[in-house]
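I have placed the structure first, in the form of structure tokens, so that the comments after it can refer back to it.
The values are calculated or read from the model by the stated rules, or taken from the named source; none is laboratory data. Predicted, not measured: the structure shown is a model, and the values here were computed from it. No Cβ is skipped: glycine too gets one built from the backbone with ideal geometry, and neighbour counts run over all protein chains shown.
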């Protein structure tokens with residue numbers, strides 16, 4: 001992707017005005033998108049992203065420049081711009097060391113690359129999901145089914161001598177179904193994906209199943225009454241239910257927040273921050289999972305990182321630059337959307353580990369409360385941990401039994417409080433796929449958990 005001699009030249013030029021460390025991130029990515037709407041294929045798009053970014057450290061600060069011109073002149077021009085932003089002239093300038101490529105086991109393999117798959121096969125996935133969604137009920141007024149894939153090749157090299165490449169292949173489908181009564185609409189969505197090629201639909205994902213599931217959620221919520229509000233116990237189901245940990249707690253454990261003292265969990269390593277039944281993990285090594293990589297976007301090997309063990313805070317997620325600020329080693333958590341973004345610490349596959357409780361007992365012992373079968377979107381302030389999440393599909397629980405569906409529910413609280421109030425953790429951990437946005441752009445992340453129960457949380461609804 002880039003000649004090592006040119007890479008050395010660019011790194012040395014970037015360091016020529018006094019930088020301490022320089023890094024090149026180069027990517028070449030091919031993307032495809034197909035959208036089926038109103039029972040017809042409305043969109044077929046393909047594109048290519050190609051470019052490189054050069055980052056220079058000066059103490060605890062950094063300069064980042066990028067270009068889509070990766071020939072010799074373009075790379076040197078980009079390196080010179082980075083160097084010109086550094087004003088720390090000193091004796092004994094740093095020089096890039098000779099390159100080495102570390103040994104790396106291939107964990108993520110791909111059987112049928114998107115580029116080797118006919119557009120008709122991809123469109124057939126959408127037609128199957130659409131037909132299944134439409135067949136659920138004549139109240140389904142619309143189904144929008146989307147197929148996306150991406151083949152990304154990256155090269156990362158730096159002035160300490162690292163020279164490493166990685167290939168990431170992502171495939172995903174999404175189905176959003178809308179149910180209408182003529183007076184109002186409700187929607188349901190499913191968005192399965194993985195770091196896989198077309199074999200995703202041969203090994204893991206049945207598009208008809210997910211199309212029907214999205215439609216059933218929409219129809220159920222169309223006929224559901226409004227959720228009552230109040231403080232109550234809430235059972236949150238597995239899979240995408242893990243988004244509540246991701247948003248309410250995960251971002252507060254990223255060095256992006258911790259390094260600047262902008263997290264509620266600053267300075268709490270070794271302290272009890274969650275109930276003893278809670279163990280939470282961020283794992284970038286899981287084979288072919290949506291948030292996995294061989295190396296992160298700084299070239300650091302990915303890791304399985306225990307964040308919380310039996311309620312005790314064990315680790316933060318750390319990128320290279322924030323690791324310097326914290327005087328802690330990077331954890332393979334440096335990620336970015338593309339070459340146009342400098343990396344920072346990000347989650348990968350983040351989940352609450354399986355516990356020992358039975359789902360039936362979690363519900364039967366909670367008295368009156370809410371069962372959140374599927375979570376929706378939300379927002380959080382990492383500095384305070386305060387969050388607000390929509391419940392896409394919810395059910396009232398009365399006397400320990402699931403009684404009736406309800407809509408319009410939201411969960412409101414603070415991450416640190418919720419962690420301490422988790423009193424049940426089920427055995428059936430599952431993950432679901434999402435895109436996470438932060439200062440380094442949008443990256444694929446898995447969220448996950450078994451069914452968990454929060455003993456008391458504020459539920460927003462209708463008073």
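Worth a mention:
- Filter result for the condition that a residue is over 30 Å from residue 109 (Cβ atoms), crowded, with 19+ Cβ neighbours inside 10 Å and assigned by TED's automatic domain parsing to the domain that holds residue 450, over 286, 269, 321, 307: 321
- Residues in segment 384-426 that are in contact with a helix residue (DSSP H, G or I) (Cβ under 8 Å, 6 or more places away or on another chain), assigned to a loop (DSSP other than H, G, I, E, B) and closer than 21 Å to residue 371 by Cβ: 400 only.
Each row is one residue, and each column tells you yes or no for (1) surrounded by 21 or more Cβ atoms within 10 Å (Cβ to Cβ); (2) closer than 16 Å to residue 411 by Cα.
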{"position": "195", "(1), (2)": "yes, no"}
{"position": "206", "(1), (2)": "no, no"}
{"position": "226", "(1), (2)": "no, yes"}
{"position": "232", "(1), (2)": "no, yes"}
{"position": "237", "(1), (2)": "yes, yes"}
{"position": "240", "(1), (2)": "yes, yes"}
{"position": "247", "(1), (2)": "yes, yes"}
{"position": "262", "(1), (2)": "no, no"}
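- Scanning segment 302-330 for residues that are touching a strand residue (DSSP E or B) at 6+ places or on another chain (Cβ under 8 Å), in a strand (DSSP E or B) and more than 25 Å from residue 288 (Cβ to Cβ) yields 308, 312, 313.
- Selection status of residue 414, modelled with pLDDT of 95 or more and surrounded by fewer than 22 Cβ atoms within 10 Å (Cβ to Cβ): no
- Residue count for segment 122-148, restricted to those that are in a strand (DSSP E or B) and closer than 20 Å to residue 209 by Cβ: 8
- Search result, residues across segment 409-436 that are out of contact with any strand residue (DSSP E or B) (no Cβ under 8 Å at 6 or more places or on another chain) and closer than 13 Å to residue 246 by Cα: 416
Residue-wise test of (1) surrounded by 13 or more Cβ atoms within 10 Å (Cβ to Cβ); (2) touching a helix residue (DSSP H, G or I) at 6+ places or on another chain (Cβ under 6 Å).
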site: 103; (1), (2): no, no
site: 107; (1), (2): yes, no
site: 125; (1), (2): yes, yes
site: 130; (1), (2): yes, no
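- Qualifying residue in segment 5-13 (condition: in contact with a strand residue (DSSP E or B) (Cβ under 9 Å, 6 or more places away or on another chain), in a loop (DSSP other than H, G, I, E, B) and surrounded by 15 or more Cβ atoms within 10 Å (Cβ to Cβ)): no
- Selection count where residues are assigned to a loop (DSSP other than H, G, I, E, B) and within 19 Å of the chain's Cα centre (by Cα), scope segment 337-364: 11
- Top-ranked residue in segment 29-75 [being outside any strand (DSSP E or B) and modelled with pLDDT of 95 or more; ranked as surrounded by the fewest Cβ atoms within 10 Å (Cβ to Cβ)]: 73
- Residue within segment 366-380 that is part of a strand (DSSP E or B), in contact with a strand residue (DSSP E or B) (Cβ under 8 Å, 6 or more places away or on another chain) and surrounded by fewer than 16 Cβ atoms within 10 Å (Cβ to Cβ) present: yes
- Residues in segment 149-169 that are outside any strand (DSSP E or B) and on the phi < 0 side of the Ramachandran plot: 159, 160.
- Residues of segment 170-205 classified as in a strand (DSSP E or B), in contact (Cβ under 8 Å) with a residue 60 or more places away in the chain and over 16 Å from residue 392 (Cα atoms), total: 4
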